[in-house]
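One structure is given here, and the rest of the page talks about it.
The values are calculated or read from the model by the stated rules, or taken from the named source; none is laboratory data. Only a predicted model underlies this, so the values are computations on that prediction, with no experimental measurement involved. Here the Cβ positions follow ideal geometry from the backbone for every residue, glycine too, while neighbour counts run over all protein chains shown. With ligands, DNA and RNA removed, areas are computed over all heavy atoms of the protein, side chains included. Shrake-Rupley method; radii C 1.70, N 1.55, O 1.52, S 1.80 Å.
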Amino acid sequence: MKFFIDTADVDAIRELNDLGMADGVTTNPSLIMKSGRDILEVTKEICSIVSGPVSAEVVALNADDMIAEGRKLAEIAENIAIKVPLTWDGLKTCKVLSGEGRMVNVTLCFSANQALLAAKAGATFISPFIGRLDDINIDGMELIADIRAIYDNYGFDTQILAASIRSANHMKDAALIGADVATAPPNVIKAMANHVLTDKGLDGFMKDWAKTGQKIL
Ligand code: G3P
């Protein structure tokens with residue numbers, strides 16, 4: 001499973017990229033707001049750090065303006081994936097921009113039918129939002145499994161990009177189901193390294209080591 005980093009924080013992206021953990025980046029209007037930076041400037045910097053796809057989201061609501069915004073965002077760098085919402089206008093935009101050979105990430109997906117439409121419209125990525133479904137007591141991971149089954153039934157190339165990931169368990173479950181990509185905030189990716197028995201084991205080793213009086217360096 002590929003890891004995309006769901007942030008516009010360039011320092012965090014750089015750190016994870018140096019570790020080989022950043023196969024791409026996803027941003028959205030809320031993350032750009034949080035960064036406090038200009039969308040074109042920060043997206044360009046992110047594209048210079050990671051070589052994989054960097055999603056930049058359009059903000060227009062009608063297809064003509066979405067297409068124009070998408071083309072402008074795509075000029076930032078070769079590795080831009082244009083992110084469009086899963087609305088009828090977003091699907092029209094997806095069809096046009098993917099037809100031009102551009103990567104398109106269809107976002108705000110909350111049902112298998114929406115994912116089926118995105119694949120038919122030529123999406124490179126479909127972004128089902130797990131956490132936001134969990135928030136309203138619908139099993140977000142079940143949606144990932146449904147989309148996986150449907151795409152596999154018909155051999156769609158659209159990659160499932162599990163999004164709105166809130167925990168390390170979400171990462172594990174998405175990987176078990178076979179999501180192609182999971183995008184998560186840096187703290188969730190770092191949390192995957194945590195285990196209470198690792199901490200306890202290390203503590204024991206350090207105490208015993210101190211008793212030896214030895215040094216390695
Ligand atoms: O990838 C989508 C993500 O940014 C949304 O996450 O936690 O706001 O639902 P969240």
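For Lys83, enumerate residues with amide H under 5 Å from its amide H, sequence gap 5+ or separate chain, H modeled in the peptide plane.
Answer set, sorted by chain and number: Ala56, Glu57, Val58, Asn105.
If I take all pairs of Cα atoms in the stretch 2-45, what percentage of them are more than 16 Å from each other? It would help to have the intermediate numbers written out before the result.
Numbers: 289 of 946 pairs.
Summing the P(r) tail past 16 Å for the stretch 2-45 gives 31 percent.
Report the charge-dipole magnitude of the chain in Debye, nearest 20, computed about the Cα centre from +1 at each Lys and Arg Cβ and -1 at each Asp and Glu Cβ.
Working: 21 positive and 29 negative charges, 83 e Å.
Charge dipole of the chain: 400 debye, to the nearest 20.
Based only on Cα atoms, what Rg/Rh ratio does the stretch 155-217 have, Rh being taken as Kirkwood's radius? Kindly include the intermediate steps, with their values, before the conclusion.
Numbers: Rg = 18.7 Å, Rh = 14.6 Å.
Computed over Cα atoms, the ratio is 1.28.
Just to confirm a number: summing +1 for Lys and Arg and -1 for Asp and Glu over residues other than Asp9 whose beta-carbon lies under 12 angstrom from that of Asp9, what do you get?
Net of charged neighbours comes to -1.
Could you count how many Lys pairs in the chain have their Cα atoms under 16 Å apart, skipping same-chain pairs fewer than 8 positions apart?
Eligible lysine pairs with Cα atoms under 16 Å apart amount to 11.
Karplus couplings for the stretch 106-123 from phi (6.51 cos²θ - 1.76 cosθ + 1.60, θ = phi - 60°), rounded to Hz, Gly and Pro as x?
8, 10, 6, 8, 10, 8, 5, 5, 4, 5, 5, 4, 4, 5, 4, 7, x, 4
Using the heavy atoms of the protein chains and a 1.4 angstrom probe, tell me the accessible area per residue for the stretch 40-174 in square angstrom.
Working: 6050 Å² over 135 residues.
I get 45 Å² per residue for this part.
Based on the Kirkwood radius over alpha-carbon pairs, what is the Stokes-Einstein translational diffusion coefficient of the stretch 49-99 at 20 °C with 1.002 mPa s viscosity, in µm²/s?
Details: Rh = 10.8 Å.
For these conditions, the coefficient is 198 µm²/s.
Step through the residues of the stretch 4-10 one at a time and calculate ³J(HN,Hα) from phi using the Karplus curve (6.51 cos²θ - 1.76 cosθ + 1.60, θ = phi - 60°), rounding each to whole Hz and writing x for Gly and Pro.
9, 9, 8, 6, 10, 8, 5
If one takes the longest principal axis of the Cα atoms in the chain, at what angle in degrees, from 0 to 90 and to the nearest 10, does the Cα axis of helix 88-99 lie?
For 88-99 against the chain, the angle is about 80 degrees.
Once Rh for the stretch 121-188 is found with the Kirkwood sum over Cα pairs, what is the Stokes-Einstein diffusion coefficient at 20 °C and 1.002 mPa s, in µm²/s?
Working: Rh = 12.0 Å.
It diffuses with D of about 179 µm²/s by this estimate.
Bin all alpha-carbon pair distances of the stretch 1-110 at 10 Å intervals from 0 and give each bin's fraction as a whole percent.
16, 48, 31, 5
Taking the DSSP beta bridges in the chain as the whole, what percent of them are antiparallel, to the nearest 5? Spell out each step's value before the answer.
Details: 0 of 26 bridges.
Expressed as a percentage, antiparallel bridges in the chain total about 0.
How big, in percent, is the set of alpha carbon pairs in the chain lying more than 30 Å apart? Present the calculation step by step, with values, prior to reporting the outcome.
Numbers: 6298 of 23436 pairs.
The share of Cα pairs beyond 30 Å in the chain comes to 27 percent.
Along the stretch 186-195, what does the Karplus equation 6.51 cos²θ - 1.76 cosθ + 1.60 (θ = phi - 60°) give for ³J(HN,Hα), rounded to whole Hz, x for Gly and Pro?
x, 5, 6, 5, 5, 5, 4, 7, 7, 8
Spin-label point model (7 Å from Cα, Cβ direction): what's the Ser167 to Arg132 distance in nm?
2.0 nm
Measure nothing but the geometry: give the 0 to 90° angle between the long axis through the Cα atoms of 168-177 and the longest principal axis through the Cα atoms of the chain, rounded to 10°.
60 degrees
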